[in-house]
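Input: a single structure, listed below in C-alpha cells.
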Amino acid sequence: MRGKSINLFLMDGEAGGRIKCTLANWTGIAYKIPRTELDRCKEREDLKQSGVYFLFGTSDTTGKGVVYIGQAGARKNGEGILNRLQEHKRNPEKDYWTEAIVFTTSNNSFGPTEISYLENRFCNLALQANRYEVKNGNDPTPGNITEEKECELEEFIDYAKVIMGTLGHKLFEPITKPVEVKTEVEEKQADNIGKLYLKRTIKTIGTVEAVGMQTAEGFVVLAGSHISPSDDDTIPEVIKEKRKKTTLDADGKLIENLLFTSPSYAAKFVIGKSANGLTSWKDADGHTLKSLESKIDE
C-alpha cells in the first residue's frame, strides 16, 4: 500500500465545520457536512450534481453508530445531492443523522448506472464490516455495467474508503483486519495469528472462555466468546451497560466482534468482575499479554 496525499479544506475555518476533501490525480470530491450547516451549501454547484451520500448518527437504544446510504441523480432544477439531503433533513423518520458525507466528481461524470452501482457496493461493504447499523431497508440494485466501467468505479471506491476513514468514519474497515496469507503453511497458521485467550472459572457459573486480539484501535473480543451471565460492582458502570445491551446466543456466546478501549475493559466485560487484562489474556502457549509486550519493548 503506497502513501496518499489528501487535501482537506476546512470551509468554515474549524475542524467541526464543513470539510471538502480531494486527492491528487482523482476526479472525485468528498464533502463532510454537519446537519446544522446544510443550508450554507446552497451555492456549491458540485453539490447540485449526481452522487452518493451517507447520513451518520447514533442509535438511541444501542448507542451504536448508524448510517443510511443513498444516491441522488441530477434533477432538472440542478439540485441533485443537496436537494436530496434537504429532503432527508425535513423527514421526521430520519431525524437521527447529525452529519452527511457526500461523494461526487469534479466533472459531473456520474450517471444513473454509476451511482446505482456505487450505492450497492457501499451498502454491501458497510454490512460486511459491521461497524455501523445500516438503515437501508432494501438492498440497492447494482445495475448493469461493462467490465471497463466496473474497473473504473472500483478504483473510485478504493479512494472513497481511504477518505471515509480520514473523515472520521471507519465504515468500511472490519474491526479485525484479516491476516494477509501468502503460502499454504501461512494459511494453516493464519487463523491463530494474534489471537489471545482468556479462561476463568467462576463459582456458581463455571468456566468462562473467550478469544480476543489487539488492534490499532484497542482490543477486540471475538464472536463465539462465552460471556459470564452475571457481574458485580467491581466493574465500571459503562461495562455493565454494555453487557446489558449486548446480544448473546442461547449458549451465552457473542454473536459479533466487540471493540474495547483496553484489554482490561475487555476482560471485565467477559468475566463480569474486576480483572487485569495484561495478565488475563494469554497466547496459545500461555504467555500473558504483559510478557508479550515486554518482549516487544526489549
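Over all other residues within a Cβ to Cβ distance under 14 Å of Thr62, the charged ones net out to +3, with Lys and Arg as +1 and Asp and Glu as -1.
Can you tally the net charge around Leu23? Count Lys and Arg as +1, Asp and Glu as -1, for every other residue whose Cβ sits under 13 Å from the Cβ of Leu23.
Details: positive: Arg2, Lys4, Lys20, Lys161; negative: Glu155, Asp158.
Once all neighbours under 13 Å are counted, the net charge is +2.
Just want the answer: with Cβ charges of +1 for Lys and Arg and -1 for Asp and Glu, which residue in Ser50, Ile202, Gly111 is farthest toward the dipole's positive end in the chain? The Cα lying farthest towards the positive end belongs to Ile202. Taken over the range 105-161, the ratio of Cα radius of gyration to 2.2 N^0.38 Å equals 1.16. Each Lys and Arg adds +1 at its Cβ and each Asp and Glu adds -1 at its Cβ; summed about the Cα centre, the range 184-297 shows a dipole of about 500 debye.
What's the magnitude of the charge dipole for the chain around its Cα centre, counting Lys and Arg as +1 and Asp and Glu as -1 at the beta-carbon? Answer in Debye, nearest 20.
Values: 41 positive and 45 negative charges, 156 e Å.
The dipole magnitude comes to about 740 debye.
Share of pairwise Cα-Cα distances greater than 19 Å in the range 2-88 is 48 percent (whole percent). Beyond 19 Å, what share of the Cα-Cα pairs of the range 72-132 is found? Please give it as a whole percent. Of the Cα pairs, 43 percent sit more than 19 Å apart. Rg/Rh, computed from the Cα trace of the range 184-297 with Rh as the Kirkwood radius, has the value 0.97. At an R0 of 41 angstrom, the distance between the Cβ atoms of Tyr197 and Asp60 translates into a FRET efficiency of 0.70.
Mind checking the dipole of the range 6-166: about its Cα centre, +1 per Lys or Arg Cβ, -1 per Asp or Glu Cβ, Debye to the nearest 20? Please list the in-between numbers first.
Numbers: 20 positive and 24 negative charges, 100 e Å.
Charge dipole, the range 6-166, about its Cα centre: 480 debye, nearest 20.
For a straight C-alpha distance cut-off of 20 angstrom, the aspartates and glutamates reachable from Lys64 (same-chain residues fewer than eight places away being disregarded) are Glu93, Asp95, Glu99, Glu133, Glu173, Glu217, Glu237, Glu241, Asp249, Glu256.
For the chain, the calculated P(r) over all alpha carbon pairs, in 5 Å bins from 0 to the bin holding the longest distance, is 1, 5, 10, 13, 14, 13, 11, 10, 9, 7, 4, 2, 0, 0 percent. Taken along its principal axes, the alpha carbon cloud of the range 6-166 reaches lengths of 42, 33, 33 Å, longest axis first. For trypsin sites (Lys or Arg not before Pro), the sites in the range 74-157 that DSSP calls loop and that have at most 14 other Cβ atoms within 10 Å are Arg75, Lys76.
Counting Lys +1, Arg +1, Asp -1, Glu -1, what net charge surrounds Ile235 among other residues with beta carbon under 9 Å of its beta carbon? Once all neighbours under 9 Å are counted, the net charge is 0.
In nm, what is the difference between 0.36 nm times the number of residues separating Lys240 and Glu147 and their Cα-Cα distance? Write down the numbers at each step before the final one.
Values: separation 93, 0.36 × 93 = 33.48 nm, distance 5.05 nm.
Gain in length upon complete extension: 28.4 nm.
Sorting Glu99, Glu154, Glu173, Glu93 from the fewest to the most surrounding beta carbons within 10 angstrom yields Glu93, Glu154, Glu173, Glu99.
For a 21 Å ceiling on Cα separation, which of these pairs sit above it: Lys135/Lys161; Lys94/Lys242; Lys94/Lys135; Lys244/Lys290; Lys161/Lys242? Don't jump to the answer; show the numbers that get you there.
Values: Lys135/Lys161 19 Å; Lys94/Lys242 25 Å; Lys94/Lys135 10 Å; Lys244/Lys290 29 Å; Lys161/Lys242 29 Å.
Violating the 21 Å Cα-Cα cut-off are Lys94/Lys242; Lys244/Lys290; Lys161/Lys242.
Estimated purely from DSSP H runs of n ≥ 4, each contributing -39500 (n - 2.57), the mean residue ellipticity at 222 nm for the chain is -8500 deg cm²/dmol once divided by its residues.
Read-outs throughout are calculated quantities, based only on the coordinates presented, and are distinct from any laboratory measurement. In this text the structure is predicted, and so the values were computed from the model without any measurement. As a convention, Cβ positions derive from the backbone with ideal geometry for all residues, glycine included, and neighbour counts pool all protein chains shown.
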